[in-house]
Amino acid sequence: MKIIAFGGSPSKNSINKKLATYAAGLFENAEVEVLDLNDYEMPLFSVDKETIIGQHPLAQAFLDKIASADLLVVSLAENNANYSAAFKNVFDWCSRIGAKVFQGKPMLLMATSPGGRGGASVLEIAKNALPRYGADIKATFSLPSFNDNFDVEKGEISNEELDKQLREIVKGF
């Protein structure tokens with residue numbers, strides 16, 4: 001089984017990329033590829049830009065990575081109660097090539113943040129919107145208070161109860 005994992009943030013130290021990487025590593029006998037949104041940096045999408053440059057090759061490259069997966073593990077950053085601009089821009093460019101960006105792939109959809117809500121707003125938005133774009137969301141998980149509940153040095157959830165919840169979700173796949 002091949003897993004494509006990514007955090008929906010362009011931060012070099014993305015806490016969502018750390019969570020996605022950890023969660024993907026919990027799947028047994030899986031080949032995991034972790035994407036970095038910075039590798040898919042494109043001009044801010046607009047129809048005017050699209051008219052000039054056409055379909056951006058990085059958007060097709062991102063779609064090709066999605067196509068190669070058996071399972072997607074995605075953890076979205078929350079910026080002002082919504083997607084990060086970086087994720088939204090990749091998503092916008094990709095959706096112009098094909099509306100079913102996530103290509104019917106099963107997805108573990110997650111979010112985390114330093115705050116106590118754990119990205120609940122963006123998780124709710126994505127849970128409702130992404131299925132229209134081909135995401136087969138099998139489960140969701142929110143990790144609140146990332147700095148208190150994740151050991152960055154070990155690269156794992158340090159809160160036993162939250163770790164147990166995520167492990168149970170992974171077993172359900």
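All of the numbers you see were taken from the coordinates with simple rules; none came from a lab. Computed from a prediction, not measured in an experiment: that's the story for all the values here. Neighbour counts run over all protein chains shown; Cβ positions are idealised from the backbone, glycine included.
Which residue pairs have Cβ atoms under 6 Å apart, sit 6 or more places apart or on different chains, and have a first residue in segment 115-144 that is farther than 17 Å from Ser14 by Cβ and a second that is among the aromatic types (Phe, Trp, Tyr) and surrounded by 14 or more Cβ atoms within 10 Å (Cβ to Cβ)?
Close Cβ pairs (under 6 Å, with a partner that is among the aromatic types (Phe, Trp, Tyr) and surrounded by 14 or more Cβ atoms within 10 Å (Cβ to Cβ)) amount to Tyr133/Phe102; Gly134/Phe102; Ala135/Phe102.
Within segment 76-94, identify whether any single residue is in contact (Cβ under 8 Å) with a residue 60 or more places away in the chain, closer than 18 Å to Ser145 by Cβ and either assigned to a helix (DSSP H, G or I) or in contact with a helix residue (DSSP H, G or I) (Cβ under 9 Å, 6 or more places away or on another chain) (or both), and answer yes or no.
Yes, segment 76-94 contains at least one residue that is in contact (Cβ under 8 Å) with a residue 60 or more places away in the chain, closer than 18 Å to Ser145 by Cβ and either assigned to a helix (DSSP H, G or I) or in contact with a helix residue (DSSP H, G or I) (Cβ under 9 Å, 6 or more places away or on another chain) (or both).
Condition test on Leu108, is it farther than 30 Å from Lys49 by Cα, in contact (Cβ under 8 Å) with a residue 40 or more places away in the chain and surrounded by 15 or more Cβ atoms within 10 Å (Cβ to Cβ)? Before you say what the answer is, go through the steps one by one.
Numbers: farther than 30 Å from Lys49 by Cα: yes; in contact (Cβ under 8 Å) with a residue 40 or more places away in the chain: yes; surrounded by 15 or more Cβ atoms within 10 Å (Cβ to Cβ): yes.
It is true that Leu108 is farther than 30 Å from Lys49 by Cα, in contact (Cβ under 8 Å) with a residue 40 or more places away in the chain and surrounded by 15 or more Cβ atoms within 10 Å (Cβ to Cβ).
Would segment 59-74 turn up any residue that is within 21 Å of Asp136 (Cβ to Cβ), surrounded by fewer than 21 Cβ atoms within 10 Å (Cβ to Cβ) and of a type in the set (Lys, Arg)?
Yes, segment 59-74 contains a residue that is within 21 Å of Asp136 (Cβ to Cβ), surrounded by fewer than 21 Cβ atoms within 10 Å (Cβ to Cβ) and of a type in the set (Lys, Arg).
Among (1) in contact (Cβ under 8 Å) with a residue 40 or more places away in the chain; (2) exposed (fewer than 13 other Cβ atoms within 10 Å of the Cβ); (3) more than 16 Å from Val74 (Cβ to Cβ), there is one condition Ile52 misses while meeting the rest; what is its number?
With respect to (1) in contact (Cβ under 8 Å) with a residue 40 or more places away in the chain; (2) exposed (fewer than 13 other Cβ atoms within 10 Å of the Cβ); (3) more than 16 Å from Val74 (Cβ to Cβ), Ile52 is out only on (1).
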